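Encoded as structure tokens, the structure appears first; notes follow it.
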Amino acid sequence: MKTLTLLAIVLASRLSLTRADSVNATTPNRRHCIDPVRFDKCFSDAADTQLGCVKAAKGDSTTVTNCQQSGQETKLNCFLSYCWNKVYSCEYQYLANQVAPVIEQSGKSIPFYPAPDNAPGGCSCNIGKLYHNFSMAVLQGLETCNQTQSNTTLLRACDCCAFSAAFTAFYAFCPSIDPNYLALPDAENRLRVWERGVPCAGFYDATNCESKFGLAPPAGPTPVSADSLPTWTGTDSLTTLSGGITSPPGGPTITWTGFDAVLTATAAPYNAANAASTATSAAGPRKDVYLSRTLWILSVVTSAFGVFA
């Protein structure tokens with residue numbers, strides 16, 4: 001089994017061991033799946049295997065991380081096999097968010113992640129695009145800024161530009177959502193800790209990041225200043241919107257590559273009765289249930305940047 005990089009280890013180590021029986025918008029559940037019975041068994045078996053693997057690791061951090069990454073990838077495969085009509089939902093996209101950093105670092109991709117714009121049964125906020133762009137900006141910053149280590153001032157400016165590009169993704173994709181659902185306030189707090197009382201404002205101009213370091217927001221719009229984020233006005237919850245898929249978007253069989261395994265999913269036959277209710281909105285998560293991938297990335301990245309600060 002491969003060994004994860006430091007970034008991947010910390011990201012993956014935060015993955016949850018949830019089963020498919022919760023009811024908020026981002027927690028996988030069997031309701032309205034094409035084949036809810038087999039989805040539930042598949043998901044529960046994956047959780048049991050994942051938990052057993054973690055216990056057998058006896059605290060070895062690398063093994064635990066590999067167990068968790070593999071388990072979450074297997075759960076994604078449960079969706080692709082028995083709940084393919086919900087691959088654009090908040091549930092699937094959030095689960096994919098959790099394993100994406102490790103997979104994307106190796107140049108691979110996850111089926112149907114991020115979801116296309118205006119996809120049927122999609123999430124009210126394209127959380128896949130948000131966190132994909134956020135993490136790509138951070139990872140690009142790590143690669144680019146690492147080349148400026150010889151100049152401390154230039155390095156600091158580059159680091160700040162990376163964070164500026166990353167935070168821009170929030171405003172580009174989910175401006176109508178309550179920021180607590182996106183962990184934006186917590187992400188901003190992590191940045192302040194990294195700054196150590198020395199604000200980015202004294203080192204860089206967000207509008208010059210592309211010309212100076214080639215660090216432009218992947219999302220495309222004008223970059224925000226990491227030290228002076230625009231006022232957030234969104235108050236909406238995360239919901240899975242109306243719409244349905246009546247045929248497997250990837251065809252009858254999908255083969256894809258996870259971190260260190262090739263996975264194959266055979267789509268269950270369409271069942272209109274089981275899928276009928278997917279055209280209704282789902283309740284968003286409680287205010288205390290945050291999308292925390294941002295924090296995972298920032299906790300690692302601020303530590304990594306701190307090594308060179």
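Computed values, structure above
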{"item": "Difference of contour (0.36 nm per residue) and Cα-Cα distance, T246 to D48", "result": "68.2 nm"}
{"item": "Rh (Kirkwood; distinct C-alpha pairs) - segment 123-273, Å", "result": "17.7 Å"}
{"item": "Selection from F39, T74, A57, by position along the positive dipole direction of segment 27-114 (Cβ)", "result": "F39"}
{"item": "Stretch gain in nm, segment V198-E143, where the contour uses 0.36 nm per residue and the Cα spacing is subtracted", "result": "17.5 nm"}
{"item": "Karplus 3J(HN,Hα) series, Hz, for segment 223-231 with 6.51 cos²θ - 1.76 cosθ + 1.60 (x for Gly, Pro)", "result": "x, 8, 7, 4, 8, 8, 5, x, 4"}
{"item": "Residue exposure sequence - W194, W84, W232 - by fewest surrounding Cβ within 10 Å", "result": "W232, W194, W84"}
{"item": "Order of S81, S61, S225 under a 10 Å beta carbon neighbour criterion, fewest first", "result": "S61, S225, S81"}
{"item": "Cα centroid separation - segment 87-115 against segment 135-204, whole Å", "result": "22 Å"}
{"item": "18 Å reach of a label modelled at N208, 7 Å along Cα-to-Cβ, counting backbone N of segment 160-201", "result": "160-165, 199-201"}
{"item": "Equivalent ellipsoid semi-axes - Cα gyration tensor, segment 45-197, angstrom", "result": "30, 22, 14"}
{"item": "Proxy reagent accessibility, fewest Cβ within 10 Å first, across I127, I245, I103", "result": "I245, I103, I127"}
{"item": "Relative contact order (percent, whole number), segment 100-251, Cα cutoff 8 Å, 6+ residue spacing", "result": "33 percent"}
{"item": "Separation in nanometres of the label points that stand 7 Å from Cα toward Cβ, at K41 and D117", "result": "4.2 nm"}
{"item": "Alpha carbon Rg of segment 152-241, scaled by the compact-globule rule 2.2 N^0.38 Å", "result": "1.13"}
{"item": "Links that overshoot a 26 Å alpha carbon limit, given the list K55/K108; K86/K108; K58/K86; K86/K129; K108/K129", "result": "K55/K108; K58/K86"}
{"item": "Sequence-separation-based contact order of segment 76-144, relative, with Cα cut under 8 Å and 6+ spacing, percent", "result": "32 percent"}
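Since every read-out is calculated from the coordinates, none of them should be taken as a lab result. Predicted model only: the values in this text are computed from it and were never measured. In this analysis, Cβ positions are derived from the backbone assuming ideal geometry, glycine residues included, and neighbour counts consider all displayed protein chains.
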